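Scroll down for the structure; my scribbles are underneath it.
Read-outs: derived from the displayed coordinates by stated rules, not from any lab. The structure displayed is predicted, hence computed values, not measured ones. Counting neighbours? That spans all protein chains shown, and the Cβs are built from the backbone with ideal geometry, glycine included.
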Amino acid sequence: MQEGSERPTLVVGRDGRTTGEVCSRLVTGTLQAGGCNVIDAGLATTPTIAMGVLESGASGAVILSASHNPAEWNALKLLNAKSEFLSPDEAEAVIAMAEKEPGAYTVSHDEIGGYSEQDFLDIHIQRILKLPYINADVIRARGFTVVVDGINSVGGFALPALLHALGVKDVDVLNGTCNGLFAHDPEPLPENIEGILNHVRETGADIGLVVDPDADRLAFVEDGGRFFGEELTQVVAADFLMRKQPGPFVTNLSSSRAIDDVMAKYDQPVYRSAVGEINVVKKMQEVGAVLGGEGNGGVILPALHYGRDALVGTAFVLQHLAETGKSLSEIRAELPSYHIAKHKLPLPEGANPDDLLARIAEQYAGENVSTIDGVKIDFKDCWVHLRKSNTEPILRIYTQAATEKEANELADRFKRRLM
């Protein structure tokens, strides 16, 4: 509830999916029918909507997006008044509300909630420009050429707007029509983005930016057209910020050990949480982290808002390159080299995944073991993370080692042990 008002105000926004407009009308109408005031942010990135909650003092937000999932999917992402994703307790409360009788929350005809529209993108960009460690003049002087893959969603207009505000004049946008007809599989992985890899290589661009449909995940293509990768986005962002504002960093258990190596340069701690953005956020708040993220390309800057933000990640990396005078390929050459393998193990009928994971934890009790989210075993030169799926009868097996071959062999070894 907003202070001094009996009516909650909710921000509603959406990514570019073809189902977004009709779903948004359903959501806004339902909220108004329940007596809520609605601020319609229209087509907007998830982090922009999060900024809209803070800017407007709203009670929360409903975001229409299925994130990195294919175009036929859509979903509701819910934010609270702090612009954070809902905690498990908050989510359970929402589900309990949804299970009540139809009409339980409707109001009379003279109590219908209000409706207004507001575009928060410029506010989002201005907040990034006002960060004390972002200097558009320095970025402008570097004369970057940047390619953006907008996946025909909101990143196609949000990232170019940010880049121009940062002083980047040479911006080439691929898949920039925000019509929801995704030009390729929307998850920013190397097998899905051959177009921008080739374009950066052929044009000699300095850097390529790849986002998912709601632009909370960010991956880079380095000069020469090589995929820089989602795992290293938070690593480079941390390397930049620790020079300006050292402090703790939080990431999840499945993220690369490269973040530990970089943070060690600045004698700063890394804390690990269970997988999931809200889990990272809660751990950040617990330890007073100045930055956080996930290995899926998420950068979380609490000085802006507690959520993954591809726009602030972009600003960090461009500022870092401009100040160091290095190319992204040179930055990569200085980073530790690791390889992550991601496997799935189908469970036999009747198998209890909790029992399997408990058995592994017991077998490796002499190692560095975490059980806050499945079982994570940190060996000296590698790690394995075993988690049960919430949606499929499988165990997820993530491993990291010095080479791709070693990472896959480690995953296969644990598959055999589990079976």
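Just a few scattered comments:
- Test: residue in the stretch 40-50 that is under 20 Å from ALA91 (Cβ atoms), of a type in the set (Ser, Thr, Tyr), in contact with a strand residue (DSSP E or B) (Cβ under 9 Å, 6 or more places away or on another chain) and crowded, with 24+ Cβ neighbours inside 10 Å: yes
- Of the numbered criteria (1) over 25 Å from LEU189 (Cα atoms); (2) touching a strand residue (DSSP E or B) at 6+ places or on another chain (Cβ under 7 Å), the one ASP309 fails is (1).
- Residues of the stretch 259-291 satisfying the condition of being polar (S, T, N, Q) and closer than 24 Å to HIS339 by Cβ: SER273
- Test: residue in the stretch 12-28 that is of a type outside the set (Ser, Thr, Tyr), more than 29 Å from ALA183 (Cα to Cα) and without any contact (Cβ under 8 Å) to a residue 24 or more places away in the chain: no
- Being without any contact (Cβ under 8 Å) to a residue 60 or more places away in the chain and assigned to a helix (DSSP H, G or I) is a description that applies to GLU90.
- One residue stands out among those in the stretch 233-252 that are over 14 Å from HIS320 (Cα atoms) and not polar (S, T, N, Q): the one that is nearest to the chain's Cα centre (by Cα), which is VAL250.
Let's see how each residue does on (1) among the acidic types (Asp, Glu); (2) over 19 Å from GLN234 (Cβ atoms); (3) touching a Cys at 6+ places or on another chain (Cβ under 7 Å):
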{"position": "ALA322", "(1), (2), (3)": "no, yes, no"}
{"position": "SER329", "(1), (2), (3)": "no, no, no"}
{"position": "ALA333", "(1), (2), (3)": "no, no, no"}
{"position": "ALA341", "(1), (2), (3)": "no, yes, no"}
{"position": "LEU345", "(1), (2), (3)": "no, yes, no"}
{"position": "PRO348", "(1), (2), (3)": "no, yes, no"}
{"position": "ILE372", "(1), (2), (3)": "no, yes, no"}
{"position": "ILE377", "(1), (2), (3)": "no, yes, no"}
{"position": "GLU392", "(1), (2), (3)": "yes, yes, no"}
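- Pick from the stretch 253-273, criterion without any contact (Cβ under 8 Å) to a residue 40 or more places away in the chain and buried (at least 19 other Cβ atoms within 10 Å of the Cβ), ranking: nearest to the chain's Cα centre (by Cα): ILE259
- The combined condition, being over 23 Å from LEU121 (Cβ atoms), in contact with a Gly (Cβ under 9 Å, 6 or more places away or on another chain) and either in a loop (DSSP other than H, G, I, E, B) or not small (Gly, Ala, Ser) (or both), is not fulfilled by ASN152.
- Identity of the residue in the stretch 274-301, within 19 Å of HIS68 (Cα to Cα), of a type in the set (Val, Ile, Thr) and in contact with a helix residue (DSSP H, G or I) (Cβ under 9 Å, 6 or more places away or on another chain), that ends up surrounded by the most Cβ atoms within 10 Å (Cβ to Cβ): VAL299
- When ASN368 is tested against (1) buried (at least 18 other Cβ atoms within 10 Å of the Cβ); (2) closer than 19 Å to SER273 by Cβ, just one condition goes unmet, and that condition is (1).
- Whichever residue in the stretch 157-200 is out of contact with any strand residue (DSSP E or B) (no Cβ under 9 Å at 6 or more places or on another chain) and either of a type in the set (S, T, N, Q) or not in a loop (DSSP other than H, G, I, E, B) (or both) and, among such residues, is nearest to HIS68 (Cα to Cα): GLU191
- Members of the stretch 216-262 found to be in a loop (DSSP other than H, G, I, E, B) and among the hydrophobic types (A, V, I, L, M, F, W, C), listed by number: PHE228, LEU232, MET242, LEU253
- Only one of the listed residues (LEU345, LEU328) is surrounded by 13 or more Cβ atoms within 10 Å (Cβ to Cβ), in contact (Cβ under 8 Å) with a residue 24 or more places away in the chain and closer than 20 Å to GLY298 by Cβ. That residue is LEU328.
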